[in-house]
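See below for the structure under consideration.
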Amino acid sequence: MAPHFRIKTKLVVAISSMVMLVVATLSTINLIQMVRQRVDYFYQEGELAAHLVFNGARDAILEVGNKPEPSEFPLLETEAIRRLQADDGMGSIMQGIVGYSSTIYDVAIAAPDGTAIVHSDLYRQHNFLPQRGDFAGVRNANFFYLLKAVYGKPEVYDISLPLQSKGKLFGTIRVGVSTVFVKSDIQPQVNRALVFGLISMLLSVFIAAGLSNFALRPLEIIGRRLDLQLDQVSPKGDSGAPSSPPPSGGTNNDEVGQVTTKIDRLGQEVRDVQQVFSALKDNLDQIMANLQDGVLLFNNEKRALLVSASVEHFVGKLRRQMLGQEVEQIFDQDSPLSRAVIRGFEQHSALAQRELSGISGKKTGVSLDFIEDNGQHIGALLTLRDAESVHTIEDEIELSRRLSAIGRLTSGVAHEVKNPINAIVVHLEVLREKFTSDDPDVRRHMSIIDSEIRHLDRVVQTLVDFTRPVELNLAAKDLNELVGEVLELAGPDAQRHGVKLISFPVTLTLPVRVDADLVQQALLNIVLNGVQAMPRGGILTVNAMRSGAEGVVEIRDQGKGIPPEIQEKIFNLYFTTKKEGTGIGLPMSYRVMQLHNGSVDFQSSNTGTSFKLHFPLAATPVPQKSISAVAGV
């Protein structure tokens, strides 16, 4: 379990931490500036030493270079080296630089091959000098690399200055700077910064303690006042509800914990009442949300105290807009319902269950009852009910009863019709065998008659299959081919209506696995509906296309469109707006698409209607296979 701290301790820790953060930040910035300044100073000191040596060496090199043998550079170079090595002043300059500076480790003049011509350490003269890092790189590096170079592994870096004679490199002046010396020079200032930071932190602790006492003084006053209130609410000896435990992160000895405990004890009764009220409110909201009837509860000032969610449908306003409003503000629309409710409140007369027209003209059942207590008016209860929904349910029950009877009748009619159809098919086959004409038009018409009779047989069978399983004869088929067959079947009917059928076939094959007869009938139903929607003629387009992994057949007419109020009913069985219609075509087409795992949707306006039938495309042609699916309406 995590330890609990007094709030005074927390304040001290918080203020001390803040001061530590500020001190650490300022110390870091000061350290960065100090280190960079010292490193710059050491670099400038090394450069100055290099120029001192440069000036002394340049005089010796120029003195030899002015001799009358300018073409003999190697000889001149050797003479210059001899003079430099024999020059006691040069050695004194180098030794003086090393002895005077606190950071310069050594000074040397190195030949181009790296050997020491003159060195501040006589024992290293004529020896090969090792390669060292450039101190300029340390000076220009970022702060972290600079600290690593100064406080890391001891290293010696060079400050170099080239010596040239006759335009050729004679040698290089190397001034070595030791990081050990740099660190020892910087360390006292770093120590002073650390001491300053520690002193600041200690002072912050004392200051934080004083501030915490000053800040917590109001809490002590609040605690004493709460004690007075607790003595009045819960006198000594009263065995009321137990006080709540202190909140997590505090104790009873903590100032905030003590005040919190007293506040919890003082608010115990309020919390209990709030819990009961909240539970009742949630239950009431749930009940009101599930009510189909609209319920409004008014107080004696005719203001709405309670509004169920369904009231929005009757009044046309949001629930939150009605709460707290007067009845005249809620029913401010001009309608028989509004006038009757306002008149009932004005005359203080109850309304029995009546049916009145609401804001949208819909019939609404309304009842108004006034609530009284000991003869005093305290409120009113208004109930609204959707009368049209009640009538609709009654009509649907009656329709279901009739559909059940029609279903039984359809089954009997289908049985009686199938026998004549079978007889026609048999006699048509006999007629085809006896018919000897070779006229292709005659044979084509006979084939169409045979195909249509078989389609009629399937339609009759479909009426029976709406309530029992349907056998699908799936086979590979091209949607373009199906569209062509449908256009050929619909051609004569379209010609009689003055409708021109147009199709834009695509060269792309659209393979699907379908029951060709059922899909052909489904497409034909929609095409003929489109033809019949243009009694004065027009253009009907039927196109097959690909959309992703689907094949789509679009059928678009130029009729007057489907009225919005019946669009959601057009796929209902037996629903039709035609005098001679059966209400079977579109429901059957919808059902056929469902059996093929497809879908059908449409868009309609006053300029025409467009149906789209979506088929899942087959990856490759597959052998014919029969499956069974349960039909549903």
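Projected label points at SER200 and GLN37, each 7 Å from Cα along the beta carbon direction, are separated by 1.6 nanometres.
Under 5 Å between amide hydrogens, built in the peptide plane, is the criterion, and for ILE371 it picks out ILE378, GLY379, ALA380, LEU381 among residues at least 5 positions away or on other chains. Annotation for ALA352 and ARG124: the two label points, set 7 Å from Cα along the Cα-Cβ direction, are 12.3 nm apart. Counting 0.36 nm for each residue step from ARG443 to LYS183 and taking away their Cα separation leaves a gain of 82.2 nm. Spacing of the modelled spin labels on ALA619 and GLN275, each 7 Å from Cα toward Cβ, amounts to 6.2 nm.
Assuming 0.36 nm per residue, please report the length gained on full extension of the stretch ASP113 to GLN85 beyond their Cα-Cα distance. The partial results should precede the final answer.
Numbers: separation 28, 0.36 × 28 = 10.08 nm, distance 1.69 nm.
So the extension gain works out to 8.4 nm.
Each residue of region 518-532 was assigned a 3J(HN,Hα) from its phi angle through the Karplus curve 6.51 cos²θ - 1.76 cosθ + 1.60 (θ = phi - 60°); the sequence is 5, 5, 4, 5, 4, 5, 5, 4, 6, 4, 5, 4, x, 4, 5 Hz, with glycine and proline shown as x. Using a ≥ b ≥ c from the Cα gyration tensor of region 561-616 (square roots of the eigenvalues), is it rounded, prolate or oblate, where a/c under 1.5 gives rounded and otherwise the larger of a/b and b/c decides, a/b for prolate? Note, shape of region 561-616 comes out oblate. Sorting 512-519, 497-504 by their mean Cβ neighbour count within 10 Å, with the most densely packed peptide first, gives 512-519, 497-504.
Expressed to the nearest 5 percent, the antiparallel share of DSSP beta bridges inside region 100-223 is 90 percent. Taking a ≥ b ≥ c as the square roots of the eigenvalues of the Cα gyration tensor, an a/c ratio of 1.5 or more together with a/b larger than b/c marks region 320-393 as prolate. Packing around the peptides 526-536, 146-156, 47-57, 124-134, taken as the average count of other Cβ atoms within 10 Å per residue, puts them in this order, highest first: 526-536, 47-57, 146-156, 124-134. When each of the peptides 18-26, 168-176 is scored by how many other beta carbons lie within 10 Å of its residues on average, the order from highest to lowest is 168-176, 18-26. Distant-in-sequence amide contacts of ASP106, defined by a placed amide H-H separation under 5 Å and a gap of 5 or more residues or a different chain, comprise GLY176.
Is region 449-579 best put as rounded, prolate or oblate by its Cα gyration tensor, with a ≥ b ≥ c the root eigenvalues, rounded for a/c under 1.5, and otherwise prolate when a/b is larger than b/c, oblate when not?
Values: a/c = 1.42, a/b = 1.07, b/c = 1.32.
It comes out rounded by the Cα gyration axes.
Just so you know, all these numbers are worked out from the coordinates, no wet-lab data involved. Remember, predicted model here, so these are calculated numbers, not experimental data. Glycine gets a Cβ as well: all are built from the backbone with ideal geometry, and neighbour counts include every protein chain shown.
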